[in-house]
Amino acid sequence: MRRLLLRSAAAALAATAPVLRVAHAQGRAPRPLRVVVPFTPGGSTDLLARAIAPRLALPGQPVIVENRPGAGGSIGAEAVARAEPDGTTLLMGHIGTLAVNPSLYPKLGYDPLRSFVPVAAVARVPNVLVVGSGSPLRTLAALVERARGAGGLVYSSGGNGSAAHIAFESLKLRAGFPATHVPYRGTAPSVTDVIAGQVDTTFTGSPAVLPHVRAGRLRALAVSSPERLPSLPEVPTVAESGWPGFEADQWYGLVAPAGTPEGEVARLNAAVNAALAAPEVLKQFESEGAVPMPGAPAAFGALIAREIPRWRDVIRAGDVRPE
């Protein structure tokens, strides 16, 4: 009787497996959609992921946004690279995880161009150079002068090799000034200590600092984009401030494990583009200083491939090292 029951159970499982595969192929995903954010809550990557994630699921499919920080985003990225390629696990990647880390970590556990398939670019986010409201610095030129003086300058970032770290190093190289870097475990605490006056400045994504600028806790000195930010029209660009041609925006997008079926990638890409056209999402992005980047998977893949050598040069020139 026991052998008979075991054979019956095995037969039932064998019959059920094809049904599950067919149901998934028809759009009735049996598993939750998991969007991995490889950073702590409260930063730009987290805010943008949570804005679009609920719009990517199939009807009735639960959505989980999972924060897995560490090693400049490498821990979360590696976890997604090893996940089952069935369209239910996505990485909210960005300039750090997909373009900077290959030059920082000699033993990186994933390859941005081979371990993933691009799904869709999500947004471009200018970095905003900010100081505390009590700081005497009111322009980028004044900050550079302070950095070159006897008092020196201390800046924070969300960690060694983070996007904010690389952006500030790019600014240092372009403007030619020294500064001391203080890495934090995440964007939110690095911003908090600028507000508190523990460090002089940070140059990080606009979603993480705009609420504090509007509340008067931070003062914005410059933005990294080629044009002014609509949400901060009074704040000049770095280029306008005396360094023409400077641009160091962050960018964000979704990738899936290599081997994810083309049909799933196409469905998710369409869902992302639809989300980026939704009035509620557009309003949220605008309020946080993010510029939507709808497009095809191939266009996002080309962006990743272009950015890897660009930031490799900055990392080498600034002698940037991971934690």
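The values are calculated or read from the model by the stated rules, or taken from the named source; none is laboratory data. Please read all numbers here as calculations on a predicted model, not as lab measurements. Positions of Cβ are generated from backbone atoms using ideal geometry, with glycine treated the same way; all protein chains shown enter the neighbour counts. Each accessible area value is taken on the protein alone, full model and side chains, heavy atoms only, with ligands, DNA and RNA left out. Shrake-Rupley method; radii C 1.70, N 1.55, O 1.52, S 1.80 Å.
For every helix of n ≥ 4 consecutive DSSP H residues, a contribution of -39,500 (n - 2.57) applies; sum these over the chain, divide by its total residues, and give [θ] at 222 nm rounded to the nearest 500 deg cm²/dmol. When only DSSP H runs of four or more count, the value is -12500 deg cm²/dmol.
Would the range 177-260 count as rounded, prolate or oblate if I go by the C-alpha gyration tensor, calling it rounded below 1.5 in a/c and otherwise prolate when a/b exceeds b/c, oblate otherwise? Here the range 177-260 falls in the oblate category. Basic side chains Lys and Arg get +1 at the Cβ, acidic Asp and Glu get -1 at the Cβ, and with that the dipole of the range 214-323 about its Cα centre reaches some 180 debye.
For the chain, what are the DSSP H helices with axial Cα length of 15 Å or more and mean Kyte-Doolittle hydropathy of at least -0.5? For the chain, where a helix must reach 15 Å along its axis and average at least -0.5, the hits are 2-25, 163-175, 262-277, 297-318. When a 1.4 Å probe is rolled over the protein heavy atoms, the share of accessible surface on the range 113-251 that falls to carbon and sulfur comes to 52 percent.
Is the range 237-303 rounded, prolate or oblate when judged by the Cα gyration tensor, a ≥ b ≥ c being the square roots of its eigenvalues, rounded requiring a/c under 1.5 and prolate requiring a/b larger than b/c? Here the range 237-303 falls in the oblate category.
Grab the other residues whose beta carbon is less than 11 angstrom from that of Gly87, score K and R as +1, D and E as -1, and report the net. Its environment carries a net charge of -1.
Positive contributions from Lys and Arg (+1) and negative ones from Asp and Glu (-1), summed over other residues with Cβ under 13 Å from the Cβ of Arg55, come out at +1.
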